[in-house]
Amino acid sequence: MKEFSFEKKGLKFVFADGHITSDDYLTYRWKVIGELENEHDEENRMFRKARYLKEHKAIGFPSTKTLNGKKTRGVKIPEDIIEEIDEYYDNLLAEKNKEKEKIRKSELIFKVEAAKLDSSWGITKPILVEQKDLLTSNQRKKVMELKSLLGETAKFAGATEHINAEELPVEEGEEIALDELLEMVKETKSYKRKERAEQKEQQKYEEAEKEARETGENVVVDKFSVQCNDSSKECNTDIITVYMTPSGRTKEDRTHTY
């Protein structure tokens, strides 16, 4: 319900322009006729930010007010209009969520901006700044891939970190789609190093599998240390050994160090 009013204990409460906030609350402009009116609002004499408290079936004021000589933070809503308000609220939420989903599924564009490395010398480097906040899970995955390859840089001290674009042939002010960036990054040194490392790792596993099948014995593929996973043990570090079995499967053994 966008607008409604009711009387309670000799006071007339008026609420108007109900809308959804960024944190999904339903808020209204409001006044209590003759008691609480905003003199700075010449047209309607209404205050802002009265919040619908669905679980309490009430409207909460943004601060404590005095009505009929008593301090209050809000007012209960009559039962006969609760259902209509709830329906209005649910419709607004549905519309907002529909719009959010539309944005989430839209193409992700990055704008090339300059990160300040040294303000006194005017030294900057290019970064990629996302042009929307809502991403699909697939878009988030691709963004993380770009960040892992190219690194992250803050635009200025304390700012959210963005993708470092030093390796890309881009210019400040340019706008580039995510899929286009994924193609561009394939020509960078970082991507080619990653490809070589993955190929080397794949070759190591293939050779270990061949050896294990020929010898009938497990072959060590990798060994690395991790934090101990058992608080009852008197150790800080565990050694993980990765084996290739004759059946072509990999298995891990964990050894505690003392």
**Prompt:** Can you tell me which residues in the stretch 143-172 are surrounded by fewer than 18 Cβ atoms within 10 Å (Cβ to Cβ), closer than 14 Å to residue 124 by Cα and among the small types (Gly, Ala, Ser)?
**Reply:** 154, 157
**Asked** Does the stretch 210-246 hold any residues that are closer than 22 Å to residue 200 by Cα, over 37 Å from the mean Cα position of the chain (by Cα) and of a type outside the set (Asp, Glu), and which are they?
**Response** 210, 212, 213, 218, 219, 220, 221, 243, 244, 245, 246
**Request:** Could you list all residues from the stretch 180-232 that are in contact with a helix residue (DSSP H, G or I) (Cβ under 6 Å, 6 or more places away or on another chain) and not β-branched (Val, Ile, Thr)?
**Result:** 190, 191
**Message:** Please go through (1) farther than 30 Å from residue 18 by Cα; (2) within 23 Å of the chain's Cα centre (by Cα) for residue 92 and return the number of the only condition it doesn't satisfy.
**Reply:** (1)
**Prompt:** When the stretch 7-55 is examined, which residues are found to be without any contact (Cβ under 8 Å) to a residue 60 or more places away in the chain and small (Gly, Ala, Ser)?
**Reply:** 10, 16, 22, 34, 50
**Request:** Would you mention how many residues in the stretch 96-116 are loosely packed, with under 12 Cβ neighbours inside 10 Å and in contact with a strand residue (DSSP E or B) (Cβ under 8 Å, 6 or more places away or on another chain)?
**Result:** 1
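Yes or no, residue by residue, for (1) at pLDDT 95 or above; (2) of a type in the set (Lys, Arg):
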residue: 199; (1), (2): yes, no
residue: 207; (1), (2): yes, no
residue: 213; (1), (2): yes, yes
residue: 218; (1), (2): yes, no
residue: 233; (1), (2): no, yes
**Cβ pairs under 6 Å, 6+ apart, first in the stretch 95-123 and in the same structural domain as residue 164 (by TED's automatic domain parsing), second part of a loop (DSSP other than H, G, I, E, B) and aromatic (Phe, Trp, Tyr)** = 116/156
**Request:** State all residues of the stretch 182-210 that are of a type in the set (A, V, I, L, M) and surrounded by 11 or more Cβ atoms within 10 Å (Cβ to Cβ); if no residue qualifies, say none.
**Result:** 182, 184, 185, 208
**Message:** So residue 139 passes all but one of these: (1) exposed (fewer than 14 other Cβ atoms within 10 Å of the Cβ); (2) at pLDDT 95 or above; (3) within 16 Å of the chain's Cα centre (by Cα). Which condition number does it fail?
**Reply:** (1)
**Asked** Would you pick out the residues in the stretch 184-209 that are in contact (Cβ under 8 Å) with a residue 12 or more places away in the chain and of a type in the set (A, V, I, L, M)?
**Response** 184, 185, 208
**Request:** Check the stretch 196-208 and report whether any residue there is touching a Ser or Thr at 6+ places or on another chain (Cβ under 8 Å) and not assigned by TED's automatic domain parsing to the domain that holds residue 126.
**Result:** yes
**Asked** Looking at the stretch 129-137, is at least one residue in a strand (DSSP E or B) and among the small types (Gly, Ala, Ser)?
**Response** no
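The values are calculated or read from the model by the stated rules, or taken from the named source; none is laboratory data. Only a predicted model underlies this, so the values are computations on that prediction, with no experimental measurement involved. Quick reminder, even Gly has a Cβ in these numbers, built from the backbone with ideal geometry, and neighbours come from all protein chains shown.
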